[in-house]
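Below is one structure, written out as structure tokens; the observations come after it.
The values are calculated or read from the model by the stated rules, or taken from the named source; none is laboratory data. Predicted model only: the values in this text are computed from it and were never measured. So basically every Cβ, Gly included, is an ideal-geometry build from the backbone, and we count neighbours across all protein chains shown. To get the accessible areas, we keep the full protein, side chains included, count just its heavy atoms, and leave off ligands, DNA and RNA. Shrake-Rupley method; radii C 1.70, N 1.55, O 1.52, S 1.80 Å.
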Amino acid sequence: MYNISQPGKHNNHVLPRFCQTFLSVCGDHGNLSQVRHVVLVLSGKGGVGKSTITTELALALRHAGKKVGILDVDLCGPSIPRMLGVGRPDVHQCDSGWVPVYTDAQKSLALMSIGFLLEDPDEAVVWRGPKKTAMIAQFVSDVAWGELDVLLVDTPPGTSDEHLAVLENLKKHRVDGAVLVTTPQAVSTGDVRREITFCKKTGVRILGIIENMSGFVCPHCSDCSNIFSKGGGEELAKLTGSTFLGSVPLDPLLSTSIEEGKDFMQSFPESATFSAISSISQTLFNSLQTA
């Protein structure tokens, strides 16, 4: 299935832990045959917390009894392995392809990320479009996900070759739609407008908009202050006819959990942020069921 060159001959040692070149992709999409729903997580710009939202949605769905996978195709900024506290394990192969890394003993949350393949986590992935496209195609076709209720695809910010590569390869299976992540400010919602245009041009259903960093929750009194204003995501949803899935506040407990690779949803079930994320995940899953 794979053509693995000799270590050290290509790509300046970027991926010597696993493989160096991505030549022909097998094109067999049977590895997605047991995945019930595929959801893209998009953002118009970086820094809005897209990977954080992806991680917390996955954890919320897992705690609701779903089997979840995360495909981290943010090739230049793969942060989800750290957020889930899985480190940099070796990636293994089976007859069906690459085996995802499981974050729990029950194998209810699976993850595949280019972060697992980098020998040096500080090494920049300096690739031209064709090599990125080949890597994404191989991620989509050759990961043995098994049975999943939802596969969340964490994409790079903006609209680029990577997004088109994800869509072209996933559409051979099925893409249920996209969740768009923004912060309340106009500079962020303006970029998400372009992401909405991208979805419409490529025929991707918009499942809803999430407003992240929507107020700051004080760790002492639990009051919420609107540091970055409030309501930009909800207003954008109204203007574009999209579903507003909900708001997630800035929460020091969530930030600490992400930094330490701990499960926020398990640790702080009484917090307002827990309730917000749980509600969003439930609304999202219900919309997938009725699509």
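On a per residue basis, the chain carries 43 Å² of accessible surface, using protein heavy atoms and a 1.4 Å probe. Taking every alpha-carbon pair under 8 Å whose residues sit at least 6 apart, the chain reaches a relative contact order of 23 percent. Its DSSP H runs of at least 4 residues, each contributing -39,500 (n - 2.57), put the calculated 222 nm mean residue ellipticity of the chain at -10500 deg cm²/dmol, to the nearest 500.
Which pairs in the list 131/201; 107/262; 45/230 are over 22 Å apart, alpha-carbon to alpha-carbon?
Violating the 22 Å limit, Cα to Cα: 131/201.
With r defined as the distance between the Cβ atoms of residue 283 and residue 90 and R0 fixed at 41 Å, what FRET efficiency is calculated, to the nearest 0.05?
Once rounded, the FRET efficiency stands at 0.65.
Each DSSP beta bridge with both residues in the chain is either parallel or antiparallel, and the antiparallel ones are about 15%.
Within the set (i) 1.28; (ii) 1.08; (iii) 0.97, the number that Cα Rg over 2.2 N^0.38 Å takes when calculated for this structure is listed as (iii).
The angle separating the long axis of helix 186-202 from the principal Cα axis of greatest extent in the chain is about 50 degrees.
The alpha-carbon of residue 238 sits under 18 angstrom from the alpha-carbons of these aspartates and glutamates, leaving out residues fewer than 8 places away in its chain: 191, 195, 211.
Apolar share of the accessible surface for the stretch 56-162: 45 percent from carbon plus sulfur atoms, 1.4 Å probe. Computed from the Cβ-Cβ distance with R0 of 35 Å, the FRET efficiency linking residue 36 to residue 123 stands at 0.45. Stretched out straight at 0.36 nm per residue, the stretch from residue 220 to residue 262 would grow longer than its current Cα-Cα span by 13.0 nm.
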